[in-house]
Structure formats: structure tokens, C-alpha cells
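Have a look at the structure below, then the notes.
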Amino acid sequence: MVRFFFTLLLIAASFALKAQSDGIHPGDPGFREKYAGFDFKGQFAAVIEKDADNIYYLLDFSKLPSRFERVYFMNLCFGNYKIVNLDPVVTEDRICFKSNRQYDEREIIVFFVDMKSRTTNVSKDWAADAMQKWLNENDKYK
């Protein structure tokens with residue numbers, strides 16, 4: 001009986017490890033290294049990988065130079081149910097999202113570009129003290 005439960009435990013553990021290994025893991029040092037020199041070809045967002053369920057996007061956060069812009073952009077993205085942020089480190093110049101394959105990748109890229117534009121407009125329109133106040137109230141990132 002003990003062997004049976006031990007075998008079940010091993011099987012469950014192997015399924016858990018397999019589930020965790022699928023997809024992209026931006027926290028993995030190899031991820032940063034792999035995409036450090038990624039050529040966006042002048043674009044803000046690009047598809048980097050696909051699997052059976054998801055499409056993975058890399059965004060060029062160097063185009064959002066201030067912390068305010070990066071945090072504001074991320075907060076805008078949380079309002080969209082079609083995307084999931086995989087990379088909460090806003091200090092990096094590359095950041096990763098995914099969406100389910102059921103959503104058109106061009107639509108998702110247009111969404112990212114639109115959110116960047118909205119962010120840039122707010123950054124231009126708001127005074128520095130208003131941005132700092134907003135950031136103090138909304139910044140929850142590393």
C-alpha cells in the first residue's frame with residue numbers, strides 16, 4: 001500500500017514538473033540572455049514563440065524610458081482579459097506577455113501599441129508632481 005501511494009506521488013510530481021516546464025519563463029536567466037539582442041525591427045511588440053495553447057510576446061520597454069510610463073503601461077494592460085503578463089520586472093528593457101491562441105496575434109500587437117501610445121500621451125500631458133503622486137499610489141513592481 002505504501003508503494004502504491006509513493007508511486008502515485010511520483011507520478012503527480014512528474015506531471016507538476018512537466019506543467020511548469022512548458023512555456024516561457026522570464027525569471028530564468030537563459031530567457032534574458034536569449035532575448036537580450038532581439039531585433040524588434042522598429043516595432044514595440046513582437047511574437048517570439050508559440051505553443052499549443054499560447055502566443056508569447058516580447059515588448060521593447062526601452063521605448064518607455066521612465067518608471068512612471070512603465071508602471072502606467074502595466075496598469076493599463078491589467079484591464080485586458082486577453083493578455084497575461086509573465087514578467088513583472090519593469091526595470092528590464094524587454095518584458096514578456098502571453099495570450100491564448102484564440103486571440104489574433106495582430107490584434108494583440110495593436111493593443112500593445114495602443115497602450116504605449118496612451119501611456120506616452122499621459123506622460124506628456126501630466127505634470128511631474130501628478131505623475132509622482134500617481135506612481136506613489138500605484139507602483140507595486142520591482
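Condition check: over 27 Å from Lys34 (Cα atoms) and among the hydroxyl-bearing types (Ser, Thr, Tyr). Does Tyr81 satisfy that?
yes
From the residues in the stretch 91-121 that are out of contact with any helix residue (DSSP H, G or I) (no Cβ under 6 Å at 6 or more places or on another chain) and hydrophobic (A, V, I, L, M, F, W, C), which one is nearest to Phe38 (Cα to Cα)?
Here the answer is Cys96.
Considering every residue within the stretch 63-71, establish whether at least one is modelled with pLDDT of 95 or more, within 25 Å of Glu33 (Cβ to Cβ) and not in a helix (DSSP H, G or I).
The answer is yes, given that some residue of the stretch 63-71 is modelled with pLDDT of 95 or more, within 25 Å of Glu33 (Cβ to Cβ) and not in a helix (DSSP H, G or I).
Pairs please, first residue from the stretch 108-125 and modelled with pLDDT of 95 or more and surrounded by 12 or more Cβ atoms within 10 Å (Cβ to Cβ), second anywhere and part of a helix (DSSP H, G or I) and polar (S, T, N, Q), Cβ atoms under 9 Å, 6+ apart in sequence or on different chains.
Going by the 9 Å Cβ cut-off, there are no qualifying pairs.
Report every pair of residues separated by at least 6 positions or lying on different chains whose Cβ atoms are under 9 Å apart, first residue within the stretch 30-46 and within 14 Å of Asp60 (Cβ to Cβ), second exposed (fewer than 10 other Cβ atoms within 10 Å of the Cβ) and at pLDDT 80 or above.
Here the result reads Ala46/Asp39, each pair linking the stretch 30-46 to a residue that is exposed (fewer than 10 other Cβ atoms within 10 Å of the Cβ) and at pLDDT 80 or above.
Would a scan of the stretch 80-96 turn up a residue that is at pLDDT 90 or above, in a helix (DSSP H, G or I) and surrounded by 13 or more Cβ atoms within 10 Å (Cβ to Cβ)?
no
The values are calculated or read from the model by the stated rules, or taken from the named source; none is laboratory data. As the structure is a computational prediction, the values presented were derived from the model and not from experiment. Cβ sites come from the backbone with ideal geometry, for glycine too, and all protein chains shown count toward neighbours.
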